[in-house]
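Contents: one structure, followed by commentary.
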Amino acid sequence: MDVVASYRAKAYCDHLYASGIRPTLITHRWESSVQGFDCHDPNDDIVVEKSEKFDVIRLPFPGLKASNSRWHSIACYLSGNLDVELVSSYKIFRSFLHQHLKEHHYDAILGIFNPHFSLKLACECGRAFRIPYILDFRDLWDNDILTKSYRPSWKKRVLDFIIAYWWRKWLRDCLFFSTTGDKWRNFISKMTTRPGIVVRNGIDNLFCAQAARPKRAAKTFKIIHFGNFYQGQDPTIFLKGFRRFAHELNSDQVRVEIIGFKNRASDLVKDTFVRYLGDFVRFVPYMPKQQLASYCQNQAALFFFPGFREDNGQFCVKVYDYVSMGRNVIVSPGEGDMGAFVKEVGAGLVTNDELEIAQYLHDCYDQWRQTGSVAWNVDEKKCIQFTRREQVRVLAEEVRSFLRSQARF
């Protein structure tokens, strides 16, 4: 699947081999159709792809199947099938793995959340075949559970309790767990005595845009945001700062572009942009990743990322994408790991002050008019530690250390 979550698994395939670990990825046959992805019969062919660094085994995708009833959903939750619409996928994976692991030897199993059934299968297969297993958390089941304003309904409280029960059960016997930041590691550590480490997502292609920085390829000074907005993100400080900056300019001179709105939270934010910016905002349709990179390389003077009203520990991958495209980024509100990262590597402005944003935009606009681009002075040495390759190395070292201690590696 060409979604953000998939690139974490891809990074493990691309870079574990450099640390002496050759992974096999078990996933679905993600074959695109007009409606989304083709669905298969559970007995359809399994596709195996072999390469020097890794193998990929693709199982039939049965599609999403909604619950038959409230009682069916309750039964799923009580049995640890927390992805009710994916129970068919879980059964296909379980059937395949129980046969595959009888015939093939592995030193460890890595289950990546989400979906939940990856955690469940890692635990079940680890216990059944006595293979050490690791649980990797790309998200929490609800990231806002860490915020002070989190006020769940009674139904949500019950669901949180059930999910936490199963997470504790799956974590109990793992080798260790990994997640993307300290805040989430601390939260998960309260559920288990097993150690946890931080493995960030990371930058895919460091400085891919640096070699081809355009000299005013665009006629308009554009500040770009691409991808979805998420609940809790707050663009208002940036919007107020931009409006102060642009009050004597027109939309042919300066503009904010939003590329690829496609979820409910994004739709709710859209009215806010129109209300604050009027003609100064444009909404651009979704673009595939390569087309998006090319467009931003030619059109973006700056990027902006609206932080969260409350730091929930989330680190959106698009902040890494912005840096990899060789443009400064404005992060506001600036609390949390994303703002800390941008500050540490010198990749733009992190602030909660609309006046500071307005002044920064004035300075960047003047520089763009004179030189055709905005100066980009990122600390390359500091950036290297945030690449996908380096973050995967962190995981690999931990795997090798634990397996050595058990004389299995």
> Using the beta-carbon distance between K381 and R243 and R0 = 45 Å, what value does 1/(1 + (r/R0)^6) give for FRET efficiency, to the nearest 0.05?
Replying inline: 0.75
> So what are the ³J(HN,Hα) numbers for region 361-373, from phi and the Karplus equation (6.51, -1.76, 1.60; θ = phi - 60°), rounded to whole Hz, Gly and Pro as x?
Replying inline: 5, 4, 5, 5, 5, 4, 5, 4, 5, 7, 10, x, 7
> region 322-409: which trypsin sites (Lys or Arg not before Pro) are DSSP loop and have at most 12 other beta-carbon atoms within 10 angstrom?
Replying inline: R408
>> With 10 angstrom as the radius, rank I162, I223 by how many other C-beta atoms surround their C-beta, starting from the fewest.
In response: I162, I223
>> For F305, what residues show an amide H to amide H distance below 5 Å, using hydrogens built from the backbone and excluding near sequence neighbours?
In response: I330, V331, S332
> Where does each of F37, F176 land when they are ranked from fewest to most other beta-carbon atoms within 10 angstrom?
Replying inline: F37, F176
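What is the sum of charges, Lys and Arg at +1 and Asp and Glu at -1, for the other residues whose Cβ falls under 10 Å from the Cβ of T387? Don't skip to the end; give the middle numbers.
Working: positive: R200, R388, R389, R393; negative: D204, E390.
Computed value for this residue: +2.
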> Pairing the Cα long axis of helix 289-299 with the longest principal axis of the chain, what angle in degrees results, from 0 to 90 and rounded to the nearest 10?
Replying inline: 20
>> Quick one: 3J(HN,Hα) in Hz for region 137-145, Karplus 6.51/-1.76/1.60 with θ = phi - 60°, rounded, Gly and Pro as x.
In response: 10, 6, 8, 8, 5, 8, 5, 6, 5
>> Can you compute 3J(HN,Hα) from phi for each residue in region 242-257, using the Karplus curve 6.51 cos²θ - 1.76 cosθ + 1.60 with θ = phi - 60°, rounded to whole Hz and x for Gly and Pro?
In response: 4, 5, 4, 5, 9, 5, 9, 10, 10, 6, 7, 8, 9, 7, 9, 10
> So who's got an amide H within less than 5 Å of the one on I109, skipping anything under 5 residues away but keeping other chains? H placed 1.01 Å off N, in plane.
Replying inline: Y133, I134
> So what does log10 I(q)/I(0) come out to for region 210-384 at q = 0.15 Å⁻¹, using the Debye formula with one equal point on every Cα and no solvent?
Replying inline: -0.81
> Whose amide H sits under 5 Å from the amide H of G196, counting only residues 5 or more places off or on another chain, with H placed in the peptide plane?
Replying inline: F177
> Under a straight-distance cross-link criterion of Cα-Cα below 14 Å, which aspartates and glutamates are reachable from K240, leaving out those fewer than 8 residues away in the same chain?
Replying inline: D353, E354, E356
>> Can you pull out the chymotrypsin sites (Phe, Trp or Tyr not before Pro) in region 238-341 whose DSSP state is coil and whose Cβ has at most 15 other Cβ atoms within 10 Å?
In response: Y286
> Could you give the nm distance between label points at L159 and F283, where each point is 7 Å from its Cα heading toward the beta carbon?
Replying inline: 2.6
> Would you list I357, I237 from fewest to most Cβ contacts within 10 Å?
Replying inline: I237, I357
> In the structure displayed, which of K289/K382; K120/K156; K65/K155; K156/K343; K270/K318; K222/K343 lie more than 29 Å apart, Cα to Cα?
Replying inline: K156/K343
> Looking only at G278, G202, G313, which one moves most when the chain is put into a Gaussian network model with springs between Cα atoms under 10 Å?
Replying inline: G278
> What number, in percent, do you get for the relative contact order of the chain if the mean sequence gap of Cα pairs under 8 Å and at least 6 apart is divided by its residue count?
Replying inline: 15
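Read-outs: derived from the displayed coordinates by stated rules, not from any lab. As the structure is a computational prediction, the values presented were derived from the model and not from experiment. A quick note on method: Cβ atoms are made from the backbone with ideal geometry, for glycine too, and the neighbour counts reach across all protein chains shown.
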